[in-house]
1. Are there any trypsin sites (Lys or Arg not before Pro) in region 195-251 that are in a DSSP loop and have at most 14 other Cβ atoms within 10 Å? List them by number.
2. What ranking do 120-129, 136-145 get when scored by the average of other Cβ atoms within 10 Å per residue, highest first?
3. Filter the cross-link list LYS133/LYS175; LYS184/LYS269; LYS513/LYS542; LYS28/LYS132; LYS369/LYS542; LYS51/LYS314 down to pairs whose alpha-carbon distance in this structure exceeds 30 Å.
4. Convert 10 °C to kelvin, take the viscosity as 1.306 mPa s, use the Kirkwood radius over C-alpha pairs of region 116-225 as Rh, and evaluate the Stokes-Einstein diffusion coefficient in µm²/s, rounded to a whole number.
5. Grab the beta carbon distance between ARG56 and THR259, set R0 = 45 Å, and tell me the FRET efficiency rounded to 0.05.
6. Summing +1 for each Lys or Arg and -1 for each Asp or Glu, what net charge is found among the other residues whose Cβ lies under 14 Å from the Cβ of TYR109?
7. Starting from the Cα of PHE552, step 7 Å along the direction of its Cβ; do the same at ASN31; then give the gap between the two resulting points in nm.
8. Once the piece of chain linking PHE224 and SER434 is laid out straight, how much longer is it, given 0.36 nm per residue of separation minus the C-alpha distance between them?
Amino acid sequence: MMELIIPCMIGLLCVLVARTTDPCDTTKFINDWRRSVAVTNDHQLCDNILKEDWYRVLSGSGTKMPTVCPVSFFACGTTGHIWLSNGDQIPCPDGESSETGFTPGCGPYPELEVSPYITTQLEETQGSLYGKKSTFSRVTFQCHADDLSDGYVYEIRWYISEFEIVAAKSNNLSKGEVENGYGKMLEEHWQLLFSPNFLVKCSIKVRGSGFKAPGPEQYSEPFFAGIKIDQTEYIINENEELSIPVKLTMPLSCSWPSTSDQSEIDYIKDNICILNLLNAVPTYQTDGSYCKNGISAEGLVFRSEQCGIVFTFKNWTATQYVHVTGASDGQITIDDNIIFLRLFNDPTRTRPLKDSLKVWTGIHLIDIKVVIHDTDETTLGKECYALNDPHMRTFGQRKYELQNLDGLTAGEYIMYKHARLPLQVNAFFKRCNSRSNALCNCGVAVRSGDSLFVTNFCETELTNGERRTNNYIIQRLCDDQNLIIEETGDRFKIILPSGTNILFSHTTSNAGKHTIQQISIFPSSLDLEMTSGLCGVYTGKKDDSLIPRDSFSPTDAVTFAKSWMVENEIQDLTLFDPEGKLKQTEYSVPEYCTCKLLDDQYPHTSPEFSCTLSAAMKTCRSLKTTTSVYKASCKNKVFVSEKLVGRAIKEITNEEEEDDDKPTIYPMTSDSSVDSS
């Protein structure tokens, strides 16, 4: 690794520290005649505005470094000199020009003003590839001007990043030849020196008979050749989707055997002459061990199975879109989250298959800054709960009573159900005692997909009339990413993939009876306008409406609550089945992917793909263990227990042990005559 350090000299000339593997490979140039020794005015130059890098200093008056110090104090525009030799050449006087624009040889020139501009085209040629006759369709840059005049000849030069591509120079072109694209730069003129994503410009010199010198170079506007993103910074909300447009400003080259028929040529153009760009979030921004509220710090998730975009030979003019969503962290934070998104071609995974596209290999774009604004703060104060005996409150903060009166009975009720995701929370209420119409919380069940968590302390009546009391806490985690369960003493916190939290605690009397004092559900931003059940529709606002199941009109509290009782046509929505059977769910939801770049040594790595998320977040494993919860198998979607409440953890080794450890689970009844006395 070489290093160049040139300090600021007497406060006038400032050159930054620059590092590169080989400074001779630089493509950054400073073209300024004022750095020549012939310049002796006191207009000092300062380089402190230059970006840190290696630069090559150029001038039309010469490019070599002198070996003798200039005598003049202000030579080269500074009092501490970095200069160029051949300083006897200075710009031509006003009204004169020369071949170089500098002395000597200055004289009158044609004063025709032209306005060059650049276009790109594909040009087909015949040749040989691997010993076979082939057709090559290669990109060309053409220099045009709509204000040319007859009677003159034109000289066209090309520059990439201020470096002249000498081989592309065209001399003595007529007006018609310029208009027909003869002043062009071919791919072979630059492909060994540059990769796309450069600035190219052309210049036109006008020559005419009777003039000693050509006119000065008249330049086009810089043309960006490569992959264009109009915006490099975006601001979005959590769970909000953003579509980032990506464009090509130049065609893709291609080649095919000259003997191919049209169907073979079309296949090559559509499937082989393509450019893949992967999108990823570099892992230096995320910590794999970071897990807060059961949600991993992904930052951005993508609506794309390929984790990227594709340009083809035929559709290179079509704008492609990277669809990203600001990942919800499921928690209320103050600061916005800032994530950088990277678009790149990975030569180890998506290397262009055609030699004609090798200039695109490993290309990468500047990282895109995405600011993700936290939206979970809107869920503050929106808790839904069932507080014994039970006093109910919806997400809209409407309070009502659910008692064994006016046709309401003890039984299983749906408290929370998500409209698009397989998420559901049911509660079981029983009479607190035989002398009261008050109902008490005795059970709570939480479902996420095929995973289930059930706490059941409810008394029930068997078919023979005997009364039994369930006394178990059981979980079946078919995917330990679906439910995060945290146990602290008698307090439980269940975190759903949406970021929704369910909290409850149970107490134990001297007689060994367990009770649940309160069941609380805290919504997340993914619940907005998506919930139903006793908690109502979460709108993020205060709302007194009680809308029953299968209705759109508000009603009274009794009609509302009764519609959410698990019976009759919605009996299959029970979460208290003694065998743990669940209604099969069919949800049509967007699929989100996380595309994680494995390290920051881009572009030579591949992202890690995960396209199994049904929400714009990713849960992570909880490191906390539960000590009083049965762990059940997912086989046939039935519970098979590991341990009993209060007993030591016992690992499952075979089906016989599973059956031996299975707790006694009594079928639930909704008969209000069964009390808890």
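All of the numbers you see were taken from the coordinates with simple rules; none came from a lab. The structure displayed is predicted, hence computed values, not measured ones. As a convention, Cβ positions derive from the backbone with ideal geometry for all residues, glycine included, and neighbour counts pool all protein chains shown.
1. On the way: sites: LYS201, LYS205, ARG207, LYS212, LYS228, LYS247; in loops: LYS212.
Hits after loop and neighbour filter: LYS212.
2. On the way: 120-129: 13.0, 136-145: 21.5.
Highest to lowest by the protection proxy: 136-145, 120-129.
3. Working: LYS133/LYS175 35 Å; LYS184/LYS269 24 Å; LYS513/LYS542 37 Å; LYS28/LYS132 39 Å; LYS369/LYS542 35 Å; LYS51/LYS314 38 Å.
Those over the limit are LYS133/LYS175; LYS513/LYS542; LYS28/LYS132; LYS369/LYS542; LYS51/LYS314.
4. On the way: Rh = 14.9 Å.
Value of D from the Cα-based Kirkwood radius: 107 µm²/s.
5. Working: r = 46 Å, r/R0 = 1.03.
Between ARG56 and THR259 the formula returns 0.45.
6. Working: positive: LYS205, ARG207, LYS212; negative: ASP94, GLU96, GLU99, GLU111, GLU113, GLU155, GLU217.
My count for the surroundings of TYR109 gives -4.
7. It works out to 6.7 nm between the two label points.
8. Working: separation 210, 0.36 × 210 = 75.60 nm, distance 8.20 nm.
Extending this stretch completely gives an extra 67.4 nm.
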